Amino acid sequence: MFHHPTCLIHPPGVPAFIETQFPIARLSAESYKERKANNGQTLTRLGKWWGRKPLILVRASILGMLMPASNNPKKDRQIYLKIFTMDDAGTWDRCKLAMQRKTKRAAFDALPYAERITHSERPENVIGPTESAWAEINAHLGTSATRLPELIEQLGQRTFGHTPRVGDSFCGGGSIPFEAARIGCEAFGSDLNPVAGLLTWASLNLLGGGKEVQEEVMRVQAEALQAADRQVTQWGIEHNDRGERADAYLYCVEVKPEGCDYFFPLAPSWLAGEKSKVVARWHRVAGSDRLQPEIVVVSDTELKLYKEKKGATVADSRAIDPFDAGRSWSIEALRGPEGLRRWTNDDVVPRPGDVFQERLYCIRWIDAEGKRRYAAPDAADLAREAKVLTLLRERFAEWQREGLIPSKAIPENGDKTDEPIRTRGWTHWHHLFTARQLLVIGLLGQQSKSVATNVVEVAASLLGVGRLSNWSSRLCRWHTGLAHDKGEDVFSNQALNTLFNYCCRPLKPLRVSWAIMDETSPKLAGDSKTSVDARDLRETCDLWITDPPYADAAVNYHELGDFFLAWYDKQLAKAFPEWTPDARAELAVRGDGEDFRRSMVEIYKNLTRHMPNNGLQMVMFTHQDPAVWADLGMILWAAGLKATAAWTISTETEAVGIKKGNYVQGTVCLVLRKRVGAEPGFLDEVYPLVEDEVKHQIASMQALDEHGEPNFNDADYQLAAYAAALKVLTQYGNLDGRDVEHEVFAVRAKNEKSDFQAVIERALGIACDTLVPRGLDNSWRELSLVERYYLRALDIESRGERRQGMYEELARGFGVTDIKPLLKSDKANGARMLTPSGFAAAGLAQVGGGNVDALPARRGRASSGASHPFAASPLRHLLFAVRETAAADNGPEPGRQYLRDTFGQGYWSKRDGFVGLLEWLAALGNAQGMNEWIADSAATRILAGRLRNDHA
Ligand SMILES: C[S@@+](CC[C@H](N)C(=O)[O-])C[C@H]1O[C@@H](n2cnc3c(N)ncnc32)[C@H](O)[C@@H]1O
């Protein structure tokens, strides 16, 4: 019904650009740049959400799914990059003017992409391609666009007969629907969680609300802030009589353990300001069991000691007497065998008998000129503290009733929510805030509530309150640093960790957090739903792009979200009566067990039902361990989808460092189509098809990588090869008559594999095996699987891969079960293979024994160690010969002799193969970061030379 009669429907069977290629390196660099912008990221201003996807990645994915691939992949790539101003000319145009004045175009183009864009605007912030670029784009695509939304519209018309409709059923912080709307799609987002719902709604209706709405938001927020400021000033709770205003309050927990006759304060460090060299010291006060803080500036030498935690009164979960470091009490024991007293709703500060007391120990003041000063609180400050408490108490009940401050209890037994209850006795969300914090945030909420007249204004107020609660809570760590000292936000990590000392932000520094926007932008069209379980969605979309909560990478969204929901609570329910103001933990997809798989299959079946036959899906997931993706592949297969491509974008780490491999966290983008029909597959026919597809995929990537900056790294090749395998498998509705879904859920004994898993694993094997390290093509077929694994692992190591997960994943592909004996280090981000000499040190060589008389006994020979994965491997003897050569002072002779003795007559037929392998190994020492190979490489080269010239 949507089809336009004259439109040219995109011929079926033509793959989308993203099904053939994706500019991984450039996109990773752009994603990283966007991430690094922190508050400059378009959506972060609206509020905290965990793991928002970079907008550039969303934008790139949508166009990649809409743009057809031609038979000229290089041209496709050029055009695709041009559309985003990510081609060389576009990047130059985006580059800040100042840079253009300093640098010549050619020199700029010669820089690595990641470096170039440090000087440029982000693609989302520029107007777009130039007129001549549009002419090229249109010529290639047969379109007539002058702006990105027009192009999106035309491509959508051609494929679907209407403006493309993009949906996300797990929309979280809203990146996907927001960006889809911004580039001209009809956007739809939904999420189970109301906190996510508010963020997504706000991204479309406030940030995307157009000038009028945005000005209204800015106006009401500013009015509320001014009113709150007048009130705070009138109360006199943040000003002192020196004309200064408070800029930060530092609080700490105090304890008086048994056997100690004074209360002492707890903190893992008493450094207050690194740049200003300010620390807190504690003194006894005659006749009192309370200590007195002194805030002092110290010498560099002493500062260094404080940085090394001098005087810390908490270390290793023990409370340490500040005057006798030899005396300490375990924190757990202090909490007592019964645990702490549980706070009740009306507790705002600890009661006198509580184990953990609280006190203000330092205030940072700022004067009219912006000069800052740290001081211990004096009597007037303490009187102001008391006044704050009184003011709050006067309002407490009413504010709770009106939903201006939280009143909900913290759910017990949660993974994350249990910590505040157990470690502080805090049973209600408002216990996570000091009296001052509740008073200031509540006041802002109250002022904006009194001016808000509609849903836009209420939402703006709630988002502002949400941001304040993240930036001023008992869970805000005080961070000292050379650049500046400041309070961190609660969710600088993904937990609810309680602290011994913390920062409270007064109103003045909170201004920045309060404002959710400061400029206007065009109006967007988009629709969002909240409190919708993805199983129950009824919307139809042409493209579904989802980022499901997945396995171990998943954040406990529902638990963490409750922190904000506690503040939104009653007002949210009033403003959005159709939303369920509850995180509905029981419906949240999580974990990785059977339940998780069932809900995922159900959800993706539902989404697949709600898309046209020529629609596409992208499933994104962030992974630390690449092994998880294959599992997800099975789930999607069972849901009626077939995989058509997979790419990894490094969204979290510096793109320049990608090739070095350290700490890379990638987002895998799995592209899928609906499996129409249920074509049967047969196990024995699948393998050759997989082999062809894998080879084809790798060859096409290599062709794109031939010139210029490499786009793909090893992990990319491997993933693409796996995806190719999955592509073949998932096109079938059943294999040898067996139904996929049935297989996914069949009950099996532990470690028992289904045939399907076996196929996937063999397919992975083919994938791995197709990636023959350059230079080893001739000897590859002769090698055993474990030998291939060792060499391929060395190959990735020489390119800087250090993630242990990659080495394990590779092992899976080669069917190697135990890689420990081959690894020098199995640190999570420092994996390395053993060198020949390293093997000797690790026990590959045993002294004496064997039938090789010619070898001096003191040197030993390769141990027979039957349990070693290299047990019967010629490569092992070769490595041993290398290490013999390296250890000998008389050249390659002992090594060569060892090989001749070991292989007897067989030596001659193996010799050429040995030379090839040795030459390959010798080159390892030249690779960056392979210093450990330098000595062995030299020995390898000498041995290779000797073998090459050997004569019978
Ligand atoms: C990884 S996050 C999505 C992040 C999002 N793509 C972004 O850029 O901000 C996963 C989301 O799935 C939601 N979720 C979990 N179970 C759900 C269910 N059964 N139905 C709908 N949403 C669910 C969570 O609330 C969470 O927001």
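Looking only at helices (runs of 4 or more DSSP H) that lie completely in region 778-893, which have at least 1 residues being over 22 Å from GLY906 (Cα atoms) and at pLDDT below 85? Before the answer, list the steps.
Details: elements: 785-798, 804-814, 836-841, 874-887.
In region 778-893, the matching helices (runs of 4 or more DSSP H) lie at 804-814, 836-841.
From the list LEU340, LEU334, exactly one residue is closer than 27 Å to LEU389 by Cβ, in contact with a Pro (Cβ under 7 Å, 6 or more places away or on another chain) and outside any strand (DSSP E or B). Which is it? Quick ask: steps written out before the conclusion?
Details: LEU340 fails: in contact with a Pro (Cβ under 7 Å, 6 or more places away or on another chain).
Of LEU340, LEU334, the one residue that is closer than 27 Å to LEU389 by Cβ, in contact with a Pro (Cβ under 7 Å, 6 or more places away or on another chain) and outside any strand (DSSP E or B) is LEU334.
From (1) modelled with pLDDT of 95 or more; (2) assigned to a helix (DSSP H, G or I), pick out the condition that doesn't hold for LEU499.
Failing condition for LEU499: (2).
Run down SER461, SER450, SER469 and say which single residue is closer than 28 Å to VAL217 by Cα and either open to solvent by 10 Å² or more (accessible area, probe 1.4 Å) or part of a strand (DSSP E or B) (or both).
On the way: SER461 fails: either open to solvent by 10 Å² or more (accessible area, probe 1.4 Å) or part of a strand (DSSP E or B) (or both); SER469 fails: either open to solvent by 10 Å² or more (accessible area, probe 1.4 Å) or part of a strand (DSSP E or B) (or both).
Exactly one residue qualifies, and that residue is SER450.
For region 118-169, give me each residue that is part of a helix (DSSP H, G or I) and among the basic types (Lys, Arg). Give the derivation first.
Filtering region 118-169 down to residues part of a helix (DSSP H, G or I) leaves 118-119, 123-125, 131-141, 148-160.
Of everything in region 118-169, just one residue is part of a helix (DSSP H, G or I) and among the basic types (Lys, Arg), namely ARG158.
Kindly indicate whether any position in region 399-409 is in contact with a strand residue (DSSP E or B) (Cβ under 8 Å, 6 or more places away or on another chain), aromatic (Phe, Trp, Tyr) and assigned to a helix (DSSP H, G or I). Before the answer, list the steps.
Within region 399-409, the first condition is being in contact with a strand residue (DSSP E or B) (Cβ under 8 Å, 6 or more places away or on another chain), and the residues that meet it are 406-409.
Within this subset, residues satisfying the condition of being aromatic (Phe, Trp, Tyr) are none.
No: zero hits.
Could we say that GLU412 is modelled with pLDDT of 95 or more and among the charged types (D, E, K, R) here? Step through it out loud before you land on a result.
On the way: modelled with pLDDT of 95 or more: no; among the charged types (D, E, K, R): yes.
Against the criterion (modelled with pLDDT of 95 or more and among the charged types (D, E, K, R)), GLU412 does not qualify.
Scan (1) open to solvent by 10 Å² or more (accessible area, probe 1.4 Å); (2) more than 23 Å from MET517 (Cα to Cα); (3) within 16 Å of the ligand (Cβ to nearest atom) for the single condition GLY167 breaks and write down its number.
(1)
Across region 1-36, what is the number of residues that are touching a helix residue (DSSP H, G or I) at 6+ places or on another chain (Cβ under 9 Å) and at pLDDT 85 or above?
Our first condition is that a residue be touching a helix residue (DSSP H, G or I) at 6+ places or on another chain (Cβ under 9 Å); within region 1-36, this holds for 2-4, 7-10, 16-34.
If we keep only those that are at pLDDT 85 or above too, we end up with 16-34.
Residues in region 1-36 being touching a helix residue (DSSP H, G or I) at 6+ places or on another chain (Cβ under 9 Å) and at pLDDT 85 or above: 19 in total.
Return the residues of region 170-200 that are assigned to a helix (DSSP H, G or I) and away from the ligand (no atom under 13 Å from the Cβ); say none if nothing qualifies.
First, the residues of region 170-200 that are assigned to a helix (DSSP H, G or I): 175-182, 194-200.
Within region 170-200, ALA181, ARG182 qualify.
Which of the numbered conditions does VAL671 fail, given that it passes all the others? Conditions: (1) in a strand (DSSP E or B); (2) open to solvent by 40 Å² or more (accessible area, probe 1.4 Å); (3) among the hydrophobic types (A, V, I, L, M, F, W, C).
(2)
Step by step: first the residues of region 131-153, then only those that are under 34 Å from the mean Cα position of the chain (by Cα) and either open to solvent by 50 Å² or more (accessible area, probe 1.4 Å) or within 16 Å of the ligand (Cβ to nearest atom) (or both), then the one that is nearest to VAL589 (Cα to Cα). Which residue is that?
Here the answer is GLU153.
From the set of residues in region 538-566 that are at pLDDT 90 or above and open to solvent by 20 Å² or more (accessible area, probe 1.4 Å), which is nearest to the ligand (Cβ to nearest atom)?
Looking at residues that are at pLDDT 90 or above and open to solvent by 20 Å² or more (accessible area, probe 1.4 Å), I get ASP547.
Do we have THR42 as within 16 Å of the ligand (Cβ to nearest atom), of a type outside the set (A, V, I, L, M) and touching a helix residue (DSSP H, G or I) at 6+ places or on another chain (Cβ under 7 Å) here? Write out each step before concluding.
Numbers: within 16 Å of the ligand (Cβ to nearest atom): yes; of a type outside the set (A, V, I, L, M): yes; touching a helix residue (DSSP H, G or I) at 6+ places or on another chain (Cβ under 7 Å): yes.
For THR42, the condition - within 16 Å of the ligand (Cβ to nearest atom), of a type outside the set (A, V, I, L, M) and touching a helix residue (DSSP H, G or I) at 6+ places or on another chain (Cβ under 7 Å) - is met.
Suppose we keep only residues that are of a type in the set (D, E, K, R) and open to solvent by 50 Å² or more (accessible area, probe 1.4 Å) within region 96-119. Which one would you say is nearest to PRO710 (Cα to Cα)?
First pass over region 96-119, keeping only residues of a type in the set (D, E, K, R): 96, 101-102, 104-105, 109, 115-116.
When the remaining residues are screened for being open to solvent by 50 Å² or more (accessible area, probe 1.4 Å), the result is 96, 101-102, 104-105, 115.
Details: LYS96: 25, ARG101: 28, LYS102: 27, LYS104: 23, ARG105: 21, GLU115: 15 Å.
Only one residue fits best here, namely GLU115.
How do the pairs read when you match residues in region 335-363 that are without any contact (Cβ under 8 Å) to a residue 24 or more places away in the chain with residues anywhere that are open to solvent by 50 Å² or more (accessible area, probe 1.4 Å), using Cβ under 8 Å and keeping only pairs 6 or more apart or on different chains?
Within 8 Å, the pairs are GLY336/VAL355; ARG351/ARG341; GLY353/ARG341.
Of everything in region 81-95 that's out of contact with any Phe, Trp or Tyr (no Cβ under 8 Å at 6 or more places or on another chain) and in a helix (DSSP H, G or I), which residue is most open to solvent (accessible area, probe 1.4 Å)?
Looking at the filtered set, the residue picked out is ASP93.
Of the numbered conditions (1) over 30 Å from VAL217 (Cα atoms); (2) of a type in the set (Gly, Ala, Ser); (3) more than 16 Å from the ligand (Cβ to nearest atom), SER61 fails exactly one; give the number of that condition.
Of everything listed in (1) over 30 Å from VAL217 (Cα atoms); (2) of a type in the set (Gly, Ala, Ser); (3) more than 16 Å from the ligand (Cβ to nearest atom), SER61 misses just condition (3).
Of all residues being within 20 Å of ILE363 (Cβ to Cβ) and open to solvent by 20 Å² or more (accessible area, probe 1.4 Å) in region 241-262, which is nearest to the chain's Cα centre (by Cα)? Just the residue, please. First the steps, then the outcome.
At the first step, the residues of region 241-262 found to be within 20 Å of ILE363 (Cβ to Cβ) are 241-254.
Narrowing the set further to residues that are open to solvent by 20 Å² or more (accessible area, probe 1.4 Å) leaves 241-243, 245.
Working: ASP241: 47, ARG242: 46, GLY243: 45, ARG245: 38 Å.
Result: ARG245.
Any residue at all in region 93-113 that's within 16 Å of the ligand (Cβ to nearest atom) and modelled with pLDDT of 90 or more? Working first, answer last.
Looking only at region 93-113, we keep the residues that are within 16 Å of the ligand (Cβ to nearest atom), and these are none.
Among the residues of region 93-113, not one is within 16 Å of the ligand (Cβ to nearest atom) and modelled with pLDDT of 90 or more, which makes the answer no.
Do we have VAL349 as touching a helix residue (DSSP H, G or I) at 6+ places or on another chain (Cβ under 7 Å), assigned to a loop (DSSP other than H, G, I, E, B) and closer than 21 Å to TRP478 by Cα here? Before the answer, list the steps.
On the way: touching a helix residue (DSSP H, G or I) at 6+ places or on another chain (Cβ under 7 Å): yes; assigned to a loop (DSSP other than H, G, I, E, B): yes; closer than 21 Å to TRP478 by Cα: yes.
Against the criterion (touching a helix residue (DSSP H, G or I) at 6+ places or on another chain (Cβ under 7 Å), assigned to a loop (DSSP other than H, G, I, E, B) and closer than 21 Å to TRP478 by Cα), VAL349 qualifies.
Does region 510-526 contain any residue that is surrounded by fewer than 20 Cβ atoms within 10 Å (Cβ to Cβ) and in contact with an Asp or Glu (Cβ under 8 Å, 6 or more places away or on another chain)? Steps first, please.
Going through region 510-526, the residues surrounded by fewer than 20 Cβ atoms within 10 Å (Cβ to Cβ) turn out to be 511-512, 515, 518-523, 525.
Subsequent filtering for residues that are in contact with an Asp or Glu (Cβ under 8 Å, 6 or more places away or on another chain) retains 520, 525.
Checking region 510-526: at least one residue is surrounded by fewer than 20 Cβ atoms within 10 Å (Cβ to Cβ) and in contact with an Asp or Glu (Cβ under 8 Å, 6 or more places away or on another chain).
Output the residues belonging to region 49-61 that are at pLDDT 95 or above and charged (D, E, K, R).
Selection gives ARG59 alone.
For region 102-137, which residues satisfy the criterion of being farther than 18 Å from GLY40 by Cβ and among the polar types (S, T, N, Q)?
Scanning region 102-137 gives THR103, THR130, SER132.
Any idea which of (1) open to solvent by less than 10 Å² (accessible area, probe 1.4 Å); (2) within 15 Å of the ligand (Cβ to nearest atom) is the one GLY161 doesn't satisfy?
Checking GLY161 against (1) open to solvent by less than 10 Å² (accessible area, probe 1.4 Å); (2) within 15 Å of the ligand (Cβ to nearest atom), the one that fails is (2).
Just give me the residues in region 53-80 being surrounded by fewer than 22 Cβ atoms within 10 Å (Cβ to Cβ) and farther than 18 Å from ALA133 by Cβ, in sequence order.
Correct list: PRO68, ALA69, ASN71, PRO73.
For residues that are within 24 Å of ALA202 (Cβ to Cβ) and of a type in the set (Gly, Ala, Ser), scanning just region 567-612, find the one that is surrounded by the most Cβ atoms within 10 Å (Cβ to Cβ).
Within region 567-612, the subset within 24 Å of ALA202 (Cβ to Cβ) is 567-585, 587-589.
Checking which are of a type in the set (Gly, Ala, Ser) leaves us with 573, 575, 583, 585, 588.
Working: ALA573: 15, ALA575: 20, ALA583: 23, ALA585: 17, ALA588: 20.
My answer is ALA583.
Looking at region 765-777, which of the residues that are under 20 Å from MET833 (Cβ atoms) and modelled with pLDDT under 80 is least open to solvent (accessible area, probe 1.4 Å)? Outline the logic, then answer.
To start, the set of residues in region 765-777 that are under 20 Å from MET833 (Cβ atoms) comprises 765, 768-769, 771-776.
Within this subset, residues satisfying the condition of being modelled with pLDDT under 80 are 765, 768-769.
Numbers: GLY765: 17, CYS768: 1, ASP769: 26 Å².
Within region 765-777, the match that is least open to solvent (accessible area, probe 1.4 Å) is CYS768.
Every residue in region 360-397 that is of a type in the set (Phe, Trp, Tyr) and not in a helix (DSSP H, G or I), please.
Within region 360-397, the first condition is being of a type in the set (Phe, Trp, Tyr), and the residues that meet it are 361, 365, 374, 396.
Within region 360-397, TYR361, TRP365, TYR374 meet the criteria.
Of a type in the set (Val, Ile, Thr), within 16 Å of the ligand (Cβ to nearest atom) and surrounded by 21 or more Cβ atoms within 10 Å (Cβ to Cβ) - does that describe any residue in region 268-283? Give the steps one after another, and end with the answer.
Step one: of region 268-283, the residues of a type in the set (Val, Ile, Thr) are 278-279.
Retained after the next criterion (residues that are within 16 Å of the ligand (Cβ to nearest atom)): none.
No, there is no match, as no residue in region 268-283 is of a type in the set (Val, Ile, Thr), within 16 Å of the ligand (Cβ to nearest atom) and surrounded by 21 or more Cβ atoms within 10 Å (Cβ to Cβ).
Against the definition (within 19 Å of ARG792 (Cβ to Cβ) and among the small types (Gly, Ala, Ser)), how does GLY945 come out, yes or no?
Values: within 19 Å of ARG792 (Cβ to Cβ): no; among the small types (Gly, Ala, Ser): yes.
Considered against the rule, which asks whether it is within 19 Å of ARG792 (Cβ to Cβ) and among the small types (Gly, Ala, Ser), GLY945 comes out as no.
The values are calculated or read from the model by the stated rules, or taken from the named source; none is laboratory data. All figures in this text were calculated on a predicted structure; none of them were measured in a lab. Cβ coordinates were reconstructed from backbone atoms using ideal geometry, including for glycine residues, and neighbour counts include every protein chain displayed. Surface accessibility is based on the protein's heavy atoms, side chains included, excluding ligands, DNA and RNA. Shrake-Rupley method; radii C 1.70, N 1.55, O 1.52, S 1.80 Å.
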